[in-house]
């Protein structure tokens with residue numbers, strides 16, 4: 001028998017904070033059962049010390065974390081019928097959080113073009129307005145985060161400007177601004193989106209590598225801007241022992257600005273798509289020398305054999321040019337073997353990694369490998 005069952009059966013009356021903590025820490029499937037039992041206790045029925053505020057809020061929070069929007073609405077309607085809830089800001093903030101989770105899940109399954117992000121968000125905002133619920137910083141932040149999932153940033157920018165004009169709210173913080181930059185990066189239809197992202201980026205004082213990544217993505221089509229941002233973040237990373245932020249320093253480098261996989265994939269992808277293979281090769285070589293590809297190093301890699309299974313295409317292209325160049329310079333007699341795995345189809349062109357590599361290097365495929373023989377294959 002669970003501890004809470006023992007407590008309920010014993011008749012011990014614990015306060016709302018205890019039950020709310022227990023509900024939040026319980027998995028959803030068990031949380032529903034626990035909540036139904038708690039609602040039959042005297043402390044809940046008599047609303048002692050306004051305990052229902054804590055207990056109902058805890059259950060809503062559990063539903064919110066699972067993205068169960070419909071169930072949250074049903075529960076709110078049930079509370080309204082009992083005259084317990086009307087125009088609750090906390091409910092709507094939790095609901096907007098659930099909408100974020102739900103939209104991300106739907107976009108991942110159905111694709112962004114098939115999900116009505118704006119319609120979903122503004123349906124809730126309209127309902128808030130009808131019930132006389134004024135949005136706070138959290139409401140705006142959650143709504144903006146949901147709108148940033150859309151491939152059209154029009155409504156995202158509009159709501160952001162509405163938030164900025166609201167004198168009852170604090171100025172948009174770093175998280176809100178970063179959300180806006182991310183949303184602008186998803187919208188490829190507006191040439192001015194990158195400039196808008198840069199303008200917002202420059203207003204943020206406490207930058208980190210995640211923020212640089214977001215701004216680089218927003219300017220993906222302009223490799224010049226992407227390279228300037230990349231050079232800035234590399235400089236901050238390499239000169240970590242100077243100036244402020246010394247708590248992040250490790251071996252003379254500032255880990256707060258250490259380029260991660262997203263940084264490298266964004267800069268290389270932008271350069272590759274822009275046809276600047278010369279700069280891409282230099283960036284790859286430099287990143288390699290600073291150990292930024294340690295995640296992609298495999299223990300069995302040699303001059304004649306390279307495992308690229310799981311590598312993003314943005315890294316595969318300059319990587320193969322580099323390693324094939326080393327193999328040819330070394331004058332190895334053995335064939336160059338590139339391990340790709342059989343793999344799944346890639347979203348961009350429906351080919352597998354194995355098929356892409358075979359075409360790219362001019363080799364032939366054997367199982368989950370691509371082989372280039374001495375004197376054969378494409379020259380880069």
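Inspection of the stretch 106-114 identifies no residue that is touching a residue at least 12 places away in the same chain (Cβ under 8 Å) and in contact with a helix residue (DSSP H, G or I) (Cβ under 6 Å, 6 or more places away or on another chain). Here residue 41 meets the list (1) surrounded by 19 or more Cβ atoms within 10 Å (Cβ to Cβ); (2) under 18 Å from residue 95 (Cβ atoms) almost entirely, failing just condition (2). Select from the stretch 1-31 the residues that are surrounded by fewer than 16 Cβ atoms within 10 Å (Cβ to Cβ) and at pLDDT 80 or above and write down the one among them that is nearest to residue 67 (Cα to Cα). For the stretch 1-31, the residue satisfying everything is 28. Among residues of the stretch 126-170 being more than 19 Å from residue 218 (Cα to Cα) and within 17 Å of the chain's Cα centre (by Cα), the one that is surrounded by the most Cβ atoms within 10 Å (Cβ to Cβ) is 143. Of all residues assigned to the stretch 266-289, none qualifies as being more than 13 Å from residue 223 (Cα to Cα), part of a loop (DSSP other than H, G, I, E, B) and modelled with pLDDT of 90 or more.
The values are calculated or read from the model by the stated rules, or taken from the named source; none is laboratory data. The structure presented is a predicted model; accordingly, all values stated were derived computationally and were not measured. No Cβ is skipped: glycine too gets one built from the backbone with ideal geometry, and neighbour counts run over all protein chains shown.
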